[in-house]
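Please treat every number below as a calculation from the coordinates, not as lab data. Model, not experiment: these values are computed from the prediction. Cβ sites come from the backbone with ideal geometry, for glycine too, and all protein chains shown count toward neighbours.
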Amino acid sequence: MDGTFLLQQLVNGLTLGSVYALIALGYSLVYGILKLLNFAHGEVYMIGAFIGYFVLIGLGGPDALAVPVVVALTLMFLAAMLGAGLLGVLIERFAYRRLRNAPRIAPLITALGVSFFLQSTALLLFGARFRSYSTFEFLGGAVTVGGVRISATRILVVAAAFSLMVVLTLLVGRTTLGKAMRATAYDREAAAMMGIDVDRVIVATFLIGSALAGAAGVMFGLVFFSVFHLMGFAAGLKGFTAAVVGGIGSIPGAMLGGLLIGLAEAFSAAYISSTFQDLIVFLILIAVMLFRPTGLLGKADIRKV
Amino acid sequence: MKRAATLLGLVLVLGLSLVAAGCGGDDDDETTGDTTAATTGDDGGAAADCAGSIGIMAPITGDAASIGEEQLNFTKFAVSEYNEENGTSFALVEGDTQLDPAQASTVAQRFVSDDEILAVVGPAGSQEVSAVGPIFTREDLGFISGSATATDLTNGDFPTFHRVVPNDAAQGPTIGEFIAGELDAQTVFIVDDQTSYSTGLADSATESLEGEDVTVERESVSQDQSDFSALVSNVADADVVFLPWQLANKAQVFAQQLQEQGSDAVVFGSDGLFSADFTQEGSYVSSFAPDITAIDSSAELVEGYEAEYGEFTSTFGPPMYAAAQAALAAISAACEEGEPTREAVAEQIGEADQQDSILGDAISFDDNGDVEGARFYIFRVLGGGEYEPADS
């Protein structure tokens, strides 16, 4: 177990972690504003992965692309983010909007329903077969850095994930929309009274969160190849765990949580045993909940009585 | 604190319930005789007046749905072919087990209470056979699996159980000898997928390999994982990595990640990996059934199937065709002796004597319900997803 091995695991963990972080961001954004756990989020991610897949196939497949690789990648990401974003908006419009003032358990159950609905729709539309991006030699195989073999797609995915996180941070911190989002998250009624169009903010939140999930889906496909109709479940659960560990509602928390869970999985598989890797991830969750109930970067929810 | 506690509770409860829902859940589709034209021919003898249904248990939805789809389609195809040839009007009742023993028991209960059902084909998994065995035994309902290979299923507990594929007592040693002999491996890493099928096969292969003085190391990984890169770093130095898995696509990811990290270990997969999804050049897979597209006498059936259902990619479908054929022939035989009862049909299944089955060999069962003369096949994966027989 030398330094190269450690570095290799770091790369493995970072790749998985960036995908989890992007999923966690969607959970956190929506929770921050609506106090709603959108369990259909994992399925939005799955649909994003499928859209990316069909764009890739439509362009001739990974081995016979009709356009340059960069163009193909851009198109895949754009289509998946747009498609997933729109899907998120539709879900909000049809499944959650009417329940906005219902007891919190109602939209939660609806979210599970939407999740199964999307899973079954994908099964009907795409069949049960696993599809593979087969992007193994897409960007020219692997490079060796300090004795560690890293595939070019991994580098691309980590870089793209971090860029998206930076863009999101700027969007929330520096723009008027971001300000409106923060205000709505802080107090929806007060924000409405100040003239903020809360409906528009919520739609924007779903659009952004779901687009990130769509991008995560394509990234997953690029690195781990296989897409299928049930892939959203495990990823959604991990993304949700990451959001909770980081502090649900907190944007930097979701990123930190995602990376942490990804690294924990990689290191426990490498140094302890892959048998226990899920066990260790959820032990971390329990430990964080016990010692820092609001999550690593979450703020305490102070209620006035 | 309270909010956090609620959240934690939610994670756990939802995690558990979603897992349970993933394996259980929706109702089974029931299609009674949708593929079976009710053409009772004028020329039909006793068998032609014979009616009844067979039930199929397969993972039509869920994680293994890609396998279940082919099992279902091959069974449908077998029923319609049989009806057409013999002028019968047997129907097919579908039961979705999702590869889950609990779900399989529910379907089994439904099947035994449906008086039309005289025999069952399936279920797919060995765990499911153990779950439904007692129910079918009590009712003397004969059932024939096209893919359950666990050795102890035919130890006499379930006298009406039969299978058209060999059992794992043969698979472990076959694979062990091949890896130690043909591949001349010194160190082998075995990664099981945490199911009883997989751990059982891993155990028997380990035993066989250690008998040949090969160093064996073991790991296991859940099939919910999609990233094996950390595990791959640990196994990269082995000569051969044996994956007794059922999901070919996961094995493909594993193999690609091995290559990505610069390892030249050879991947050896078990029967579930014979599939268009597993294409890693230079790998090997074993299979409980032959590649029927390479059997001349089955060419016509392959053509007929593909015309109706499209291409198939695994070896899971064709044995179900053979199983359905045996079940239907048994019902016809029972009819000739009068009103067919489940008991009579189960007895007739045991007497099965099918020449030239779709699998290339004749099919008959020994006293335990195992098929006579069955063996495992080993294939080498060529470039472009082609497979060639690697054993003699």
Nearest-ten-degree value, helix A:41-58 long axis tilted from longest Cα axis of chain A | 40 degrees
³J(HN,Hα), Karplus 6.51/-1.76/1.60, whole Hz, each residue of segment B:212-229, x for Gly, Pro = 9, 6, 9, 7, 10, 10, 10, 9, 9, 8, 6, 7, 7, 5, 10, 10, 10, 4
Over segment A:3-291, what is the mean sequence separation of C-alpha contacts under 8 Å (at least six apart), divided by residue count, expressed as relative contact order in percent?
-> 41 percent
For segment B:356-371, Karplus-derived ³J(HN,Hα) couplings (6.51, -1.76, 1.60; θ = phi - 60°; whole Hz; x for glycine and proline) come out as 6, 6, 4, 7, x, 9, 6, 10, 8, 10, 7, 4, 8, x, 7, 7
Dividing the mean separation of Cα pairs under 8 Å (6+ apart) by the residue count of segment B:136-219 yields a relative contact order in percent of 27 percent
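Give the relative contact order (percent, whole number) for chain B; include only Cα pairs under 8 Å separated by 6+ residues. Intermediate values should be presented prior to the final figure.
Values: 834 pairs, mean separation 65.4, N = 392.
Relative contact order of chain B: 17 percent.
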Helix axis angle, A:69-91 relative to chain A longest principal axis, alpha carbon, degrees | 30 degrees
What per residue convex hull volume, in Å³, do the alpha-carbon atoms of segment B:123-250 yield?
-> 104 Å³
Write down the percent of antiparallel bridges among all DSSP beta bridges whose residues are both part of the protein assembly as shown, to the nearest 5.
-> 35 percent
Rounded to a whole number, the mean other protein chain Cβ count within 10 angstrom for residues of A:224-234 is 5
In whole Å, how far is the Cα centre of segment B:154-228 from that of segment A:71-141?
-> 38 Å
Would you list which aspartates and glutamates come within 17 Å of A:K179, measuring only between C-alpha atoms, while excluding same-chain residues fewer than 8 positions from it?
-> A:D187, A:E189, A:D197, A:D199
Is it possible to state the helix-based mean residue ellipticity at 222 nm for the protein assembly as shown, with each DSSP H run of 4+ residues giving -39500 (n - 2.57), the sum divided by total residues, to the nearest 500 deg cm²/dmol? What is it?
-> -17500 deg cm²/dmol
Counting partner chain Cβ atoms within 10 Å of every residue's Cβ in A:123-135, what's the average?
-> 4
In chain B, whole DSSP H helices that both stretch 24 Å or further along their axis by alpha carbon positions and average at least 0.0 on the Kyte-Doolittle scale are B:2-23, B:317-335
Angle between the Cα long axis of helix A:152-174 and the longest principal axis of chain A, 0 to 90 degrees, nearest 10?
-> 20 degrees
Would you list, by chain and number, the aspartates and glutamates whose Cα falls below 19 Å from the Cα of A:K238, excluding same-chain residues fewer than 8 positions away?
-> A:E43, A:E265, A:D278, B:D63, B:D224, B:D227
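Whole number please: convex hull volume per residue, Cα atoms of the protein assembly as shown, in Å³.
165 Å³
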